[in-house]
Amino acid sequence: MRDIVMILLILILIALLCIYLHISLSWHSIDIISLDAEEFIRKELDPAFDTERFRIYINKLLKRIDFLDENSVIFFTPFYDRKKTQSSLNAHTGLPGQKVIIFTPGWAARLYRESFAEKSDGAIIDLFAFVLGHEMTHKEQRRPIFLFGRKRTCVGWLREISSDFGGIRKSGLSAKRVKFCLEKEILDIEGRRQRRYGAKTMLRPHPTWEYRMKCWKAKRMTKELVEQICRDCGITDRRFLEKMKRIYVEKPGAPMKKAG
Ligand SMILES: [Zn+2]
């Protein structure tokens with residue numbers, strides 16, 4: 001019986017490894033934008049979408065952003081995302097260990113439109129830099145694996161808000177500017193759903209945009225802010241709270257530490 005369980009476990013591990021390798025290879029074979037994303041944009045968002053023009057524009061834009069390290073940016077909808085969010089402005093860090101940052105087709109269409117703008121306040125470009133910085137900060141963090149319930153939510157919220165500070169710092173923008181760009185490009189357009197994104201229950205891994213923007217007033221992950229976030233997630237375990245403070249509190253002016 002024991003042998004059968006061991007064999008089954010090994011088979012499951014091999015299957016997971018194959019899936020990971022398959023996804024990894026397919027993501028790395030995407031040159032900026034996937035065929036599916038192009039088709040989606042032409043069908044739903046912009047029938048005149050010109051892939052070559054988009055590539056040239058986005059490569060120029062990425063050259064200006066100097067914190068990407070060896071990561072590459074690709075535009076497509078990952079398998080775990082729902083179809084209806086394809087036209088929204090969303091981004092993901094992908095699977096652990098992969099040096100890609102994924103943006104939705106909605107982002108490609110919006111940036112493409114910007115490439116024609118004669119006069120622009122640059123809000124979408126600044127927002128793109130912030131989101132890229134936010135996702136890059138996630139890549140520097142460890143992901144919680146063995147945490148459940150409120151503690152998992154709490155770590156999710158701490159990760160999101162510390163990555164927001166990372167995004168603000170990496171992009172070199174002020175929190176006020178990011179807030180303006182976010183309001184203009186996402187919240188005013190996508191409305192209440194995005195504004196309240198993640199808020200329906202306490203057990204969602206993302207705090208609402210409203211909550212996040214309020215936290216930005218602290219300018220960094222202060223002791224008080226970490227305590228407040230833990231309280232808002234209903235954490236009563238003191239040892240857990242102290243651990244969160246050790247991981248997430250940043251000293252003033254200190255570089256971002258690799259939060260867990
Ligand atoms: Zn995030």
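The values are calculated or read from the model by the stated rules, or taken from the named source; none is laboratory data. Quick caveat, the model's predicted, so the values are computed rather than measured. Please note: Cβ atoms are built from the backbone with ideal geometry, for glycine as well, and neighbour counts cover all protein chains shown.
Side notes on the structure shown:
- If the condition is being at pLDDT 90 or above and of a type in the set (A, V, I, L, M, F, W, C), then region 203-234 contributes Met213, Cys215, Trp216, Ala218, Met221, Leu225, Val226, Ile229, Cys230, Cys233.
- Val73 being touching a Gly at 6+ places or on another chain (Cβ under 8 Å) and within 16 Å of the ligand (Cβ to nearest atom): no
- Failed item, numbered, when Lys184 is tested on (1) of a type in the set (D, E, K, R); (2) away from the ligand (no atom under 16 Å from the Cβ); (3) modelled with pLDDT of 95 or more: (3)
- Options Arg53, Arg64: the member that is surrounded by fewer than 16 Cβ atoms within 10 Å (Cβ to Cβ) and under 17 Å from Ile124 (Cα atoms): Arg64
- Where a residue in region 150-175 is within 27 Å of Gly122 (Cα to Cα) and its partner, wherever it lies, is of a type in the set (Asp, Glu) and more than 11 Å from the ligand (Cβ to nearest atom), with Cβ under 8 Å and at least six apart: Ser162/Glu250; Phe165/Glu250; Gly166/Glu140; Ser171/Asp126; Leu173/Asp126
- Test for Ser162: is it within 16 Å of the chain's Cα centre (by Cα) and either at negative phi or not basic (Lys, Arg) (or both): yes
- Residue count, region 88-115 (criterion: out of contact with any strand residue (DSSP E or B) (no Cβ under 9 Å at 6 or more places or on another chain) and basic (Lys, Arg)): 2
- Within region 134-149, the set of residues being in a helix (DSSP H, G or I) and away from the ligand (no atom under 11 Å from the Cβ) comprises Glu140, Gly149.
- From the list Thr93, Thr104, Thr77, the lone residue that is more than 17 Å from Phe128 (Cβ to Cβ), among the β-branched types (Val, Ile, Thr) and crowded, with 18+ Cβ neighbours inside 10 Å is Thr77.
- Ile168 vs. criteria closer than 19 Å to Glu242 by Cα and within 16 Å of the ligand (Cβ to nearest atom): no
- Arg110 satisfies every condition listed in (1) of a type outside the set (S, T, N, Q); (2) within 16 Å of the ligand (Cβ to nearest atom); (3) at pLDDT 90 or above except (2).
- Residue ID - farthest from Asn71 (Cα to Cα), chosen from residues in region 92-107 that are in a loop (DSSP other than H, G, I, E, B) and away from the ligand (no atom under 16 Å from the Cβ): Gly97
- The set of residues in region 114-133 being within 12 Å of the ligand (Cβ to nearest atom) and among the aliphatic types (A, V, I, L, M) consists of Val131, Leu132.
- Filtering Leu158, Leu127 for residues that are of a type outside the set (Lys, Arg), outside the structural domain of Glu185 (by TED's automatic domain parsing) and buried (at least 20 other Cβ atoms within 10 Å of the Cβ) leaves a single hit, Leu127.
- Asp69, sole failed condition from (1) in contact with a Leu (Cβ under 9 Å, 6 or more places away or on another chain); (2) on the phi > 0 side of the Ramachandran plot: (1)
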